[in-house]
Structures are given as structure tokens and as C-alpha cells.
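Trainee: Have a look at this one.
The values are calculated or read from the model by the stated rules, or taken from the named source; none is laboratory data. Here the structure is a predicted model, which means the values were calculated and not measured. So basically every Cβ, Gly included, is an ideal-geometry build from the backbone, and we count neighbours across all protein chains shown. Protein only, heavy atoms only, side chains kept; ligands, DNA and RNA dropped before computing areas. Shrake-Rupley method; radii C 1.70, N 1.55, O 1.52, S 1.80 Å.
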Amino acid sequence: MNNTNIFIKKMFDAIAPKYDFLNRFLSLGQDIYWRRIMAASVGGVRNLLDVACGTGDVAFEITKLHKNRIKIYGTDFSEEMLRIAQKKKDIMDCNNLFFVAADALLLPFADNRFDAVTIAFGIRNIEDKKRVLKEFIRVLKQGGSVLILELTAPENRFLMELYMLYFKKVLPVIGGLFSKNFQAYKYLPDSVMKFPKALEFVKIMKESGFKRIRVKKLSLGVATLFIGYKN
Ligand SMILES: C[S@@+](CC[C@H](N)C(=O)[O-])C[C@H]1O[C@@H](n2cnc3c(N)ncnc32)[C@H](O)[C@@H]1O
């Protein structure tokens, strides 16, 4: 694991106990709505891989919506985030879910294994986007879909200014105070700002081998859902 990944893993290990609460609070509950849209876009698949699953919210949302019909593997390299996912799974008694510790770049699954791969708020943490997208292609069946949900900077100038004010001044303070990890909530806005614009990201998806790419802007572009298919 390189130094950036060690930093990111340690950061998520440290904020894991407060992660769900801060997500709801800092996104004003929007994160639930965004994951719900992603879950509704999954379609009639039978087995799915949720990469960078964190505390498991994408897997739980898909399970709720599709009534345990989809077998889901959730992977993440933060054991502390996975520990919380596992606790939630035990409480909810979902026997279709399996959480496994793994780096997104080295998924411990055979080629052509999954009908769909999802990743929510995870890909911006991964520097080599093409490499991780190619890893998704490897584990996807022919015709399988990838659904990528990510925080994005809005394009409207007025909204962008409000957003920057919130993201740069308010969020790091609240996030830092609650999680006692000021570095993590300074990293969050920086990582969102570094994420490519929608069209640039579509280009990266195409170059990695995905076809028929669709882009859905959510909440005035504060989040974006990208969907693509393996040929
Ligand atoms: C912002 S959280 C998102 C968690 C979850 N998907 C959600 O919707 O709340 C990002 C997650 O990505 C994980 N992550 C970042 N880089 C990773 C990598 N290279 N391999 C595996 N997990 C990674 C972190 O450990 C963290 O749990």
C-alpha cells in the first residue's frame, strides 16, 4: 500500500464511529436520497459488488429496495468501517450481504463474476482512476453495469460560491469537532475539488473500456451518478 492509501485508510479507521452520523448531518440527509437513487438504478441483477463500501449503506439500501434478492459483496480496506458494516448487518439480519476487507485495486474475485459493481463516494479517494475502473471491468460479466456515485462541485456560479463557503469554512469545523479529526474533514473538500468534471470523468470511463455511459446530476450537481456498461 502506498503512503496516500495508508493515510486514507488510517483516516477512515479513525472517523468510522462517527462516519454515519456526520454523513447525515453534513449532507443534510441528502446522502440517503443519493444512495436511494443509485439503488433504484441497479436494475434486476443477481449478484453485485459494492467497492469502498464503508459502513455498508449502499448495500443496505439496495437490500431494502430489492428485498434481499441480490447477493452483495461489500469490500473496503478500512477494517473499522467494515466492523460497523458488520454490526449493522447483524442487527438487520441480512443474509444476502458479505463484507470483505480488500483494496479496490486488487479485488479478491474471479474475472466475469458480477452483474453490477457500485461505488459511492469512494472513487475520488483512488488516485489511479483508470486502473480501478479496469479492475471493475475485470470482475464484471459481459453486459454488466458500473454505478459510480460521487460528490461533485456544482457548475452554477452562485451555487458554487455558497457550496465553497460551506465546504471550506463550515464543514471542516463541524466535521473536525464531532470526529475530533480536523485533518479528515479538511481532506474531504480537497478531494472533492480534485475530482474531475463530469465530462472528463466520462472520458476516463470510456478510455477504461466502459460503453453507453449515462450521467445523472443530483441535487443541482452536488452529487453525480455515472452509469456505464461492460461491452
Ligand atoms: C467516503 S467513504 C464511502 C463509504 C460508503 N460507500 C458510503 O456510501 O458511505 C469512502 C470509503 O472508501 C474506502 N476506500 C478508499 N480508498 C480505498 C481503496 N483503495 N480500497 C478500498 N477501500 C477504499 C475508505 O476506507 C472509505 O470507507
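Trainee: Determine how large the accessible area of Glu79 is when every protein chain is in place; take a 1.4 Å probe and give Å² rounded to the nearest 10.
Mentor: The value for Glu79 is about 90 Å².
Trainee: Based solely on its DSSP helices, what 222 nm [θ] is calculated for the chain when runs of n ≥ 4 H residues each add -39,500 (n - 2.57) and the sum is averaged over all residues, nearest 500 deg cm²/dmol?
Mentor: Calculated from helices alone, the mean residue ellipticity at 222 nm is -15000 deg cm²/dmol.
Trainee: Here's another thing I want to ask about it. For labels at Ala101 and Lys141 in the simple 7 Å Cα→Cβ model, what's the distance in nm?
Mentor: Placing both labels 7 Å along Cα→Cβ, they lie 3.1 nm apart.
Trainee: Rank Gly175, Gly43, Gly56 by mean-square fluctuation in a GNM of the chain with C-alpha springs under 10 angstrom and give only the top-ranked residue.
Mentor: Gly43
Trainee: Hydropathy at least 1.6 by Kyte-Doolittle, axial extent at least 20 angstrom from the Cα trace: which helices of the chain, defined as entire DSSP H runs, fit?
Mentor: none
Trainee: Suppose accessible area is computed on protein heavy atoms with a 1.4 Å probe; arrange Met92, Met1 from highest to lowest.
Mentor: Heavy-atom accessible area, descending, gives Met1, Met92.
Trainee: With +1 on each Lys and Arg Cβ and -1 on each Asp and Glu Cβ, how big is the dipole of the range 114-231 about its Cα centre, in debye rounded to the nearest 20?
Mentor: In debye, rounded to 20, the range 114-231 gives about 280.
Trainee: Using a 1.4 angstrom probe on the protein heavy atoms only, line up Tyr185, Tyr166 by accessible area, largest first.
Mentor: Reading off the accessible areas and sorting them downward yields Tyr166, Tyr185.
Trainee: Can you give me the convex hull volume of the Cα atoms of the range 95-211, divided per residue and expressed in Å³?
Mentor: Given the Cα convex hull of the range 95-211, per-residue volume reads 138 Å³.
Trainee: Using alpha-carbon pairs under 8 Å, 6+ residues apart, how would you state the relative contact order of the range 19-148 in percent?
Mentor: 25 percent
Trainee: Let me ask you something else. Please compute the Cα-Cα pair-distance distribution of the chain with 10 Å bins starting at 0, giving whole percents from short to long.
Mentor: With a bin width of 10 Å, the distribution comes to 8, 34, 39, 17, 1.
Trainee: With springs only between Cα atoms under 10 Å apart, run a GNM on the chain and tell me which of Lys89, Lys67, Lys168 wobbles the most.
Mentor: Ranking Lys89, Lys67, Lys168 by mean-square fluctuation puts Lys67 first.
Trainee: Would you be so kind as to identify which of Leu106, Phe136, Thr4 lies farthest towards the positive end of the dipole of the range 1-156, taking Lys and Arg as +1 and Asp and Glu as -1 on Cβ and the Cα centre as origin?
Mentor: The residue sitting farthest along the positive end of the dipole is Phe136.
Trainee: What is the P(r) of the range 65-141, as percent of Cα-Cα pairs per 10 Å bin from 0?
Mentor: 16, 49, 31, 4
Trainee: Moving on. How high is the relative contact order of the chain, given as a whole-number percent (alpha carbon pairs under 8 Å, six or more residues apart)?
Mentor: Relative contact order here is 19 percent.
Trainee: Using the Cα atoms of the range 1-134 to build a convex hull, what is its mean projected area in square nanometres?
Mentor: Value for the range 1-134: 7.9 nm².
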